[in-house]
Amino acid sequence: MTAATEAVPRPKARRSFLRRAFDRWPVKLAVAIIVVIWLIPTLGLFITSLRPESDIQTTGWWTTLGHLWKPSTWTFANYDFVLFRRGFSNAFLNTLAVTIPATVIPITVAAFAAYAFAWMKFKGRQILFVVVVGLLVVPLQMALIPILRLYTSGGHLFGIPIIPDLNLTGTFPAIWLAHTGFGLPLAVYLLRNYIGGLPSSLFESARIDGATHFQIFTRLVVPLSVPVLASFAIFQFLWVWNDYLVALIFLGAEPRVQVITQAIALLVGDRGEQFHLLTSAAFVSMILPLTVFFALQRFFVRGLTAGSVKG
Amino acid sequence: MSPTTRLWLTRAIWIGVAVGIGAAVVWSAGFITDPEANRGLVVLAAIALGVVGVALLFKGMDFVVDRLPARFRERVRPWIFVGPALLMLGVYLVYPAVNTTVLSFKGRNSQEWVGLTNFTEIFTDTESLVSLRNSLLWVIIVPLFAVAIGLTFATLADKLGRRAENAAKSIIFMPMAISMVGASIVWLFVYSFRPPGFGSQIGVLNGLWTGLGNNPVAWLLQEPWNNLYLMIILIWLQTGFAMVILSAAIKAVPEEIIEAARIDGATDWQIFWRVTFPTIASTVVVVTTTIIITVWKVFDIVFVMTGGNFGTAVVAERMVTEFFTFRNNGHGAAFAVILFVAVIPVMAVNVRQFRIQEERR
């Protein structure tokens, strides 16, 4: 998909700056209004997170616009409190421990499978690929109850235990594997389309030179597939980072392993509206995705476009 | 050193390596679940275990296959490439889909068969019906507004200079990067309410509302309008998605057709509805169906903002509440099946149109 950022350059109009500024003013005004409406909620959150608690409780955040330059308007106390006394630095680390493997594992597993589906010969290749892609339809809600039961009491088929009681609930591997399973259909589909599109002459000459499938995969396919791997990686990273439901079910209420979305949701449940904590906590959770967003916008757009039906 | 000794030596080394790796995996698996261990180290160990583990898995399997008798080698190899993926899909999607469907015909503890009771209960219980009604409203209203605003914005921004266009689009798109939980906090603050006499309003909406001389409103408690206020959050999140994809489609409309229409004296309005819109119609369908699927499964926003109270329950949220809070497997599974079945036709349209759109490229 073409990145949104590619606009057609227009011929420069040789008109005065003022006339250009007022040119098409209804369009500009409409765009500006929508942009302002879209920005205000986030702006309010950001400004509030930097205000002293007493100010937050007594006046609206917009009143700071009257005394922007007064030093007493701003403070980092909320961040300090949330990160170091409310355990959000732990939640942040836990989220990394969940997110990085839950991104790397599905990509690796999917890339090997995609290569096999595209370039290896085996029985039932077509059928299996269709089944894998067809699994895109299954919402992850379908998986919650059985997987949780599997984690807590093992798997039984007609009363015969086939999977032992693994006691995985509340551990990182529990959630990595869950995210891997839920992310695979999309990943296999995207990667197989891309890897299948690589020129076949490449593989033939490598085979003639005596390369094994494993060597072809690691030395040729992976380097050539960097764009699609990056797109999916960013999509999956943000998906897992922003996930609340899967963490809620599989990590559970154990505070030691909880991720940042759980920590925030718990804070909402606490008595009273502690906006000094909520706003800074929310912003802590948004920093990484927003950085990824602004730094890698092109890949991000592509990944999202391809991956938005997931879940 | 004789070749045989060397062979045995290499074998011994490989066995040693394998044992070492196994021990390391077991140790780190124990370490990351140790409650007393330093969190930073635990996190590092977890990341290393997950990332290195998956690489070693494939390397190790390939290593083993290389040592199989030549007859089997190339017949087995494809299966070590697809095997892990198929196993994961089997355990995490195929088995659960079957199992959930079975559980939806069983009672709350999944012991006895109850036939269609779970479904008849859902379709007769007032609270569940409210969640179904709300979900229907969500899937109509949110995609409608997200696509309409996204399309309008994409069309308008297309007429701006490139820099201004990109900056404006970034801002509309930015909410896509944040979690629904984060977005809920953003809007919890917008909708914040204080009863009159309990200090000045700190939510921007009540700030504006009281500034206009009205009494403050507890937005999230106003049935049935609170549903709309929750929907606004998702519209805010999804408009950027619609806008970015529609914008790309608009830019792909051939300049010559638009130029020709303009020479024939068509207005901007006519060009949009008679030329641009028909050209991008399949993209509009893809975007709309994609958003419908997202909306249909919305959970976080409702769960965090109102917990499904005050008449705001939706299907995906009821599913989790029934299963997780009320411990009723039967109802939870039945709600999941309802989610699943309703997604299928939308997904079919989505995939069909997506392929039509891809073939145009």
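Quick rundown of the values:
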| quantity | calculated |
| --- | --- |
| Nonlocal amide H pairs with residue B:106, under 5 Å, H built at 1.01 Å | B:114 |
| Contour minus Cα-Cα distance for residue A:256 and residue A:218 (0.36 nm per residue) | 10.0 nm |
| Rg over Rh [alpha-carbon atoms, Kirkwood Rh] for the stretch A:88-307 | 1.03 |
| Point-to-point label distance, residue B:98-residue B:112, nm (Cα→Cβ direction, 7 Å offset) | 2.7 |
| For chain B: relative contact order, % (alpha-carbon pairs under 8 angstrom, 6 or more apart) | 21 |
| Formal net charge of residues neighbouring residue B:65 (Cβ-Cβ distance under 13 Å; K, R +1; D, E -1) | +3 |
| Range of Cα positions in chain B per principal axis (Å), largest first | 93, 60, 48 |
| Pairwise label distance in nanometres, residue B:163 with residue B:120, each label 7 Å out on the Cα-Cβ vector | 6.9 |
| Dipole magnitude of chain B, debye to nearest 20 (Cβ charges: Lys/Arg +1, Asp/Glu -1, about Cα centre) | 1120 |
| Modelled FRET efficiency - R0 22 Å, residue A:70 with residue A:40, Cβ distances, 0.05 increments | 0.50 |
| Integer Hz, Karplus 6.51/-1.76/1.60 couplings in order for the stretch B:300-307, x for Gly and Pro | 3, 4, 5, 4, 7, 6, 10, x |
| Peptide ranges B:132-139, B:344-351, A:277-284 listed from the most packed, as the mean C-beta count within 10 angstrom indicates | A:277-284, B:132-139, B:344-351 |
| Calculated FRET value between residue A:84 and residue B:208, using beta carbons and R₀ = 41 Å, to 0.05 | 0.70 |
| Cβ neighbours within 10 Å from other chains - mean over A:207-219 | 2 |
| Dipole moment magnitude, nearest 20 debye, the stretch A:88-307 about Cα centre, only Lys, Arg, Asp, Glu C-beta charged | 580 |
| Estimated distance in nm for a label pair at residue B:4 and residue A:207, the labels positioned 7 Å out from Cα along Cα-to-Cβ | 3.9 |
| Residue-span extension gain [residue A:58 to residue A:290] - 0.36 nm each, minus C-alpha spacing | 80.6 nm |
| Per-residue average of Cβ from other chains inside 10 Å of B:195-202 | 3 |
| Principal semi-axes in Å for the protein assembly as shown [√(5λ), Cα gyration tensor, largest first] | 43, 33, 27 |
| For A:174-182, mean number of other protein chain Cβ atoms within 10 Å | 4 |
| Cβ crowding within 10 Å averaged over residues, with B:46-59, B:304-317 ranked highest first | B:304-317, B:46-59 |
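Values quoted throughout were computed directly from the atomic coordinates according to the rules given, and no laboratory measurement underlies them. Computed from a predicted model, the values in this text were never measured in an experiment. Ideal geometry is used to build each Cβ from the backbone, glycine not excepted, and the neighbour counts take in all protein chains shown.
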